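Take a look at the structure below.
The values are calculated or read from the model by the stated rules, or taken from the named source; none is laboratory data. Model, not experiment: these values are computed from the prediction. Don't worry about glycine lacking a Cβ; one is built from the backbone with ideal geometry, like all the others, and counts go over all protein chains shown.
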């Protein structure tokens, strides 16, 4: 496939690869034309510029629910915009608003209606207003929908739309190798107009898996994508996409048909809007996750899922060995792709991405430490029927309140060190709203909902939040001010472009460091963090500063004397040493 191929030919090749086996005997004639018509694309549409980076060092995306900040005076989406406008002015370029559709469970990820905005949050005009001012990321919950949706109700009755939309299999099929992130039974028995059937539920029995072997499901989602583009969505987060295609007798994860669907969606999205982006949410082992870059023809961005467990482990043990080994093995993202770096989100700290990177003993210690700090553990079921820890549910601020030896007085510094490391790394940073605010574990929300993940999904009252941020001695105000300072520094440094060069430094087990160089090679930044609770010495001769230039620590705004200087880094202190500050 070349950039000169007519668009229809490109789409048809994707479809031939997806439906090569056509297990349902679906009618495929005219499908390419239908998809182009749904996206309002012409066959001779101009191809987007290849290998284009639609991001730079100024970009930061705040991850938030639509109702993370509440006020009785207005709809939550309006309150969210007021918060970002007032408190994040000039620092936030993008917003990932977690599912803002009507839903039945899983805090939005069991979608009832993809075409509507949850009226408790606002309406499409509120979404458009946010999209006008910020790069808007929306969830395309593509693997499953609600078991109480119109589609599923019609499936049970044999009516359209919905009939044939869901995966059904016999319990006698070979399903022993299926990989899942949950402990609930895979199949749900339902009574349909055809009799008893068993529908596939990767996540929960209220989240019923859609059957993309039926091209009508693909048509529906292409139509949904077009609608979201029309309302200003620029970035599509493909939720749980790794599980999309099912073939009994296989693992049913990361199948080639799934990758080809991602390629197809990239083609359609890029031709519809040149700067639109796909980001794959694939909470899986690191090498599998990397595969979703494809050959610069699948996801524009992939979540850097291994970073949260490795970085938290580093900071609670005071040893960066595992983190350093991982970073050394990470391939640089090619132009046209980028890592999406995050260390906290609405979900927990995933443990699958640490498989093969942390030893079992290290993982056990990490889990025990997080439980000591008030966290919970969620499990998944293995092929042999045993349960294994899947993720740790805890607010990041509390996860970093101490070390493996227990809580200490360095919590804020440790928390800020984690973000200074993440913000310096190759990739686009995603910052959870509760990390900006230093929010604690919400035990009441866990008790109210019965879900461990709710511990990290606090809802702030506008008055309470602004009161905390206006108090100089509040931990929330301290964290917010220092996070804003880091973001302000980052956005002005060319060496922090998401695709700028990165090289891992070797400074021992207590100093974690890496070198960034701008794409024009004019600016270097040496990012070094003391990941321990003791003072560590950094000899500038160990980081190869050139004698012909003047060097400065950006964070401390401190000029450096030269290669012979030795810096005494305080516990969890980070320095960004540059030859050219912006």
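Going through (1) part of a loop (DSSP other than H, G, I, E, B); (2) closer than 30 Å to residue 109 by Cα one by one, residue 472 falls short only on (2).
Filtering 232, 162 for residues that are surrounded by 20 or more Cβ atoms within 10 Å (Cβ to Cβ) and farther than 27 Å from residue 288 by Cβ leaves a single hit, 162. Looking only at residues of segment 443-465 that are part of a helix (DSSP H, G or I) and in contact with a strand residue (DSSP E or B) (Cβ under 9 Å, 6 or more places away or on another chain), we find that the one that is surrounded by the most Cβ atoms within 10 Å (Cβ to Cβ) is 456. Could you list all residues from segment 495-512 that are under 24 Å from the mean Cα position of the chain (by Cα) and touching a residue at least 24 places away in the same chain (Cβ under 8 Å)? 495, 496, 497, 498, 499, 500, 501, 502, 504, 512 - these are the residues of segment 495-512 that are under 24 Å from the mean Cα position of the chain (by Cα) and touching a residue at least 24 places away in the same chain (Cβ under 8 Å).
Among the residues of segment 226-248, which ones are in contact with a strand residue (DSSP E or B) (Cβ under 7 Å, 6 or more places away or on another chain), part of a loop (DSSP other than H, G, I, E, B) and over 21 Å from residue 284 (Cα atoms)?
Hit for segment 226-248 is 232, nothing else.
So which residues in segment 544-562 are in contact with a strand residue (DSSP E or B) (Cβ under 9 Å, 6 or more places away or on another chain), more than 17 Å from residue 522 (Cα to Cα) and in contact (Cβ under 8 Å) with a residue 12 or more places away in the chain, if there are any at all? 555, 556, 560 - these are the residues of segment 544-562 that are in contact with a strand residue (DSSP E or B) (Cβ under 9 Å, 6 or more places away or on another chain), more than 17 Å from residue 522 (Cα to Cα) and in contact (Cβ under 8 Å) with a residue 12 or more places away in the chain.
Starting from residues that are in contact with a helix residue (DSSP H, G or I) (Cβ under 9 Å, 6 or more places away or on another chain) and under 24 Å from residue 533 (Cα atoms), keep the ones in segment 355-368 and report whichever is surrounded by the most Cβ atoms within 10 Å (Cβ to Cβ).
So in segment 355-368, the residues in contact with a helix residue (DSSP H, G or I) (Cβ under 9 Å, 6 or more places away or on another chain) come out as 355-359, 362-363, 365-366.
Narrowing the set further to residues that are under 24 Å from residue 533 (Cα atoms) leaves 357-359, 362-363, 365-366.
Numbers: 357: 19, 358: 21, 359: 11, 362: 18, 363: 19, 365: 16, 366: 24.
Top of the filtered list is 366.
If you go through segment 483-500 and keep only what is surrounded by fewer than 21 Cβ atoms within 10 Å (Cβ to Cβ) and closer than 12 Å to residue 580 by Cβ, you end up with 492, 494.
Any residue that is in a loop (DSSP other than H, G, I, E, B), in contact with a helix residue (DSSP H, G or I) (Cβ under 9 Å, 6 or more places away or on another chain), closer than 29 Å to residue 264 by Cβ and in contact (Cβ under 8 Å) with a residue 60 or more places away in the chain - is there at least one of those in segment 55-70? Looking for residues that are in a loop (DSSP other than H, G, I, E, B), in contact with a helix residue (DSSP H, G or I) (Cβ under 9 Å, 6 or more places away or on another chain), closer than 29 Å to residue 264 by Cβ and in contact (Cβ under 8 Å) with a residue 60 or more places away in the chain, one finds at least one in segment 55-70, hence yes. Restrict the check to segment 105-117 and report whether at least one residue is part of a strand (DSSP E or B) and either under 23 Å from residue 221 (Cβ atoms) or free of Cβ contacts under 8 Å to residues at least 60 places away in the same chain (or both). Yes, there is a match, as at least one residue in segment 105-117 is part of a strand (DSSP E or B) and either under 23 Å from residue 221 (Cβ atoms) or free of Cβ contacts under 8 Å to residues at least 60 places away in the same chain (or both). Being more than 30 Å from residue 405 (Cα to Cα), surrounded by 20 or more Cβ atoms within 10 Å (Cβ to Cβ) and touching a helix residue (DSSP H, G or I) at 6+ places or on another chain (Cβ under 7 Å) is a property that residue 565 lacks.
Just to verify a result, which residue in segment 421-440, among those that are outside any loop (DSSP other than H, G, I, E, B) and touching a helix residue (DSSP H, G or I) at 6+ places or on another chain (Cβ under 6 Å), is surrounded by the fewest Cβ atoms within 10 Å (Cβ to Cβ)? By that ranking, first place goes to 423. Scanning segment 76-92 turns up one or more residues that are under 29 Å from residue 334 (Cβ atoms) and part of a loop (DSSP other than H, G, I, E, B). Could you check, for segment 512-535, whether at least one of its residues is in contact with a helix residue (DSSP H, G or I) (Cβ under 9 Å, 6 or more places away or on another chain), at pLDDT 95 or above and assigned to a helix (DSSP H, G or I)? Checked against the condition, which is being in contact with a helix residue (DSSP H, G or I) (Cβ under 9 Å, 6 or more places away or on another chain), at pLDDT 95 or above and assigned to a helix (DSSP H, G or I), segment 512-535 yields no hits at all. As a summary of the residue check, residue 378 satisfies the conditions (1) touching a helix residue (DSSP H, G or I) at 6+ places or on another chain (Cβ under 8 Å); (2) modelled with pLDDT of 95 or more; (3) surrounded by 16 or more Cβ atoms within 10 Å (Cβ to Cβ) except for the one numbered (2). At least 2 residues being without any contact (Cβ under 8 Å) to a residue 24 or more places away in the chain and surrounded by fewer than 22 Cβ atoms within 10 Å (Cβ to Cβ) is the threshold, and among the helices (runs of 4 or more DSSP H) wholly inside segment 249-354 not one reaches it.
Tell me yes or no: at least one residue of segment 200-219 is in a strand (DSSP E or B), more than 18 Å from residue 37 (Cα to Cα), touching a residue at least 12 places away in the same chain (Cβ under 8 Å) and in contact with a helix residue (DSSP H, G or I) (Cβ under 6 Å, 6 or more places away or on another chain). Within segment 200-219, one or more residues are in a strand (DSSP E or B), more than 18 Å from residue 37 (Cα to Cα), touching a residue at least 12 places away in the same chain (Cβ under 8 Å) and in contact with a helix residue (DSSP H, G or I) (Cβ under 6 Å, 6 or more places away or on another chain).
Among the residues of segment 147-156, is any in a loop (DSSP other than H, G, I, E, B) and either on the phi > 0 side of the Ramachandran plot or surrounded by fewer than 21 Cβ atoms within 10 Å (Cβ to Cβ) (or both)?
For segment 147-156, residues in a loop (DSSP other than H, G, I, E, B) and either on the phi > 0 side of the Ramachandran plot or surrounded by fewer than 21 Cβ atoms within 10 Å (Cβ to Cβ) (or both): present.
Can you spot a residue in segment 392-400 that is under 30 Å from residue 177 (Cβ atoms) and either part of a helix (DSSP H, G or I) or in contact with a helix residue (DSSP H, G or I) (Cβ under 9 Å, 6 or more places away or on another chain) (or both)? Checking segment 392-400: at least one residue is under 30 Å from residue 177 (Cβ atoms) and either part of a helix (DSSP H, G or I) or in contact with a helix residue (DSSP H, G or I) (Cβ under 9 Å, 6 or more places away or on another chain) (or both). Number of residues in segment 514-537 that are within 20 Å of residue 332 (Cβ to Cβ), surrounded by 24 or more Cβ atoms within 10 Å (Cβ to Cβ) and in contact (Cβ under 8 Å) with a residue 60 or more places away in the chain equals 3.
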